[in-house]
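Worksheet: one structure, shown below.
The values are calculated or read from the model by the stated rules, or taken from the named source; none is laboratory data. None of the values given here were measured: they were computed from a predicted structure. Here Cβ is always computed from backbone atoms with ideal geometry, including for glycine, and neighbour counts include all displayed protein chains.
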Amino acid sequence: MDDSSSLAPAVRSILDAARERETPDRQLSVDPEPLPDALDSAAAGGHAPVVAEVKPTSPTTDGQRDDDPAELAREMVAGGAAAISVLTEPEHFDGSTDALRTVRDAVDVPVLRKDFLLEEAQLDAVEADVVLLIARFLDGDGELEAMLAAARERGFQALVEVHDRAELRRALDAGADIVGVNNRDLAALEVDLDTFESVAPHVPDDVTLLAESGIGSPADARRMRAAGADGLLVGSAIMRGDGDVRENTRRLVTA
C-alpha cells in the first residue's frame, strides 16, 4: 500500500473510510459489456469516446447534484456518451452501489464502477462492466496483480489508473490491457494535462488508453485525443452546477 503520508488529506480520509467499509460474503460473476469496443465504435462514428461520470459531489468540486442517477445516465447516453462511470464511494462523493445498479439497468452501454478498491472482497459489492483499480493504492508486493486477477476471475474488465511512467510500468507488468492516466496528482490534488501527454507515448498500441481528470472543454478533449487517448473520462465538466448534462456531454463528444 502506498505511503499515505504523501497524499492529500482528503485522499487519506477517503482511503481510511474505504478500509472500514463492510464487504460482502459472496463472490460475484458478471457478463460485461466490452468497454474497448464501445470506445472504438464511438470513434469510428466520428465522435470523441467519452465515459461520462455520474458524480454527485467530490472533495475537489463545489456543490452537489441530487438528480436521479439513472436519469442522469440516460441523458448522458442521449448526448453521445460511449460509456458511463458511477461513483460508488459514499462518504466523500455521495455515491452508492444502489446508484450503480439503477444506472446499469437504465442504459445499454458499459458501466464503470469508480471507487477506491483496496481488497478483493470489495469487488463483490455490486455488478459492473468495469472496475477501477488505482495503481498508487495497490503497490504492495503483488497487490495490483492479485486484484487484477480477482477482478477478471469474476468477469470484470479492469481500468488500471496510473499517474506516471513508473506506475504505468507496474500496470503493464501486471497485465493491464485498459489503462487510465489520471491528470490529477493525488499528493497535491492539482491537475495538469501535460501528465497524460508525458505518459501516453509509452503505452503499447494494444492497450486501451483513457485520459482522466481535467478535461473541461472541447479543446481539452481534442488535446487528449491528439495525444493518443482512446477514451476520455469526464465528470465535473458534465455534472457541473445544474447544467444540462445531455448538452454538456454532446459538446465534448462532438469536439
Search the stretch 228-243 for residues being assigned to a loop (DSSP other than H, G, I, E, B) and in contact with a helix residue (DSSP H, G or I) (Cβ under 8 Å, 6 or more places away or on another chain), and hand back the single one that is nearest to Glu75 (Cα to Cα). Arg240
Sort out which residues of the stretch 15-53 are at pLDDT below 95 and within 23 Å of Arg104 (Cβ to Cβ), and write them in order of number. Ala18, Arg21, Glu22, Thr23, Pro24, Asp25, Arg26
Tally time: how many residues in the stretch 77-100 are over 28 Å from Ala8 (Cβ atoms) and touching a strand residue (DSSP E or B) at 6+ places or on another chain (Cβ under 9 Å)? 5
List the number of the failed condition for Arg225; all other conditions in (1) closer than 18 Å to Lys114 by Cβ; (2) outside any loop (DSSP other than H, G, I, E, B) hold. (1)
Counting only residues that are of a type outside the set (Asp, Glu), assigned to a loop (DSSP other than H, G, I, E, B) and closer than 29 Å to Asp192 by Cβ, the stretch 146-180 contains a total of 3
For helices (runs of 4 or more DSSP H) lying entirely in the stretch 22-121, having 3 or more residues that are crowded, with 17+ Cβ neighbours inside 10 Å picks out 35-44, 69-78, 97-106
If you go through Glu212, Glu153, Glu145, the only one that is modelled with pLDDT of 95 or more, acidic (Asp, Glu) and buried (at least 24 other Cβ atoms within 10 Å of the Cβ) is Glu212
Filter the stretch 102-135 for residues that are within 17 Å of Asp173 (Cβ to Cβ) and either at pLDDT below 95 or β-branched (Val, Ile, Thr) (or both) and give the result. Ile134
Search the stretch 14-31 for residues that are on the phi < 0 side of the Ramachandran plot and of a type in the set (Val, Ile, Thr) and pair each with any residue that is assigned to a helix (DSSP H, G or I) and modelled with pLDDT of 85 or more when their beta-carbon atoms are under 8 Å apart and the residues are at least 6 apart or on different chains. Thr23/Ala121; Thr23/Gln122; Thr23/Asp124; Thr23/Ala125
For the stretch 122-145, name all the residues that are in contact with a Pro (Cβ under 8 Å, 6 or more places away or on another chain), farther than 22 Å from Ser13 by Cβ and outside any strand (DSSP E or B). Asp124, Ala128, Asp129
Only one of these is closer than 18 Å to Val11 by Cα and in contact with a helix residue (DSSP H, G or I) (Cβ under 6 Å, 6 or more places away or on another chain): Val162, Val191. Name it. Val162
With the requirement that a residue be closer than 23 Å to Pro34 by Cα and more than 15 Å from the chain's Cα centre (by Cα), what does the stretch 105-120 give you? Asp105, Ala106, Val107, Asp108, Glu120
Inspect all residues belonging to the stretch 189-205 and state whether any of them is modelled with pLDDT under 95, part of a helix (DSSP H, G or I) and buried (at least 22 other Cβ atoms within 10 Å of the Cβ). no
So which pairs qualify, if the first residue must be in the stretch 182-199 and over 13 Å from Arg136 (Cβ atoms), the second must be among the charged types (D, E, K, R) and crowded, with 16+ Cβ neighbours inside 10 Å, the Cβ gap must be under 6 Å, and the two must be at least 6 apart or on different chains? Val191/Arg184
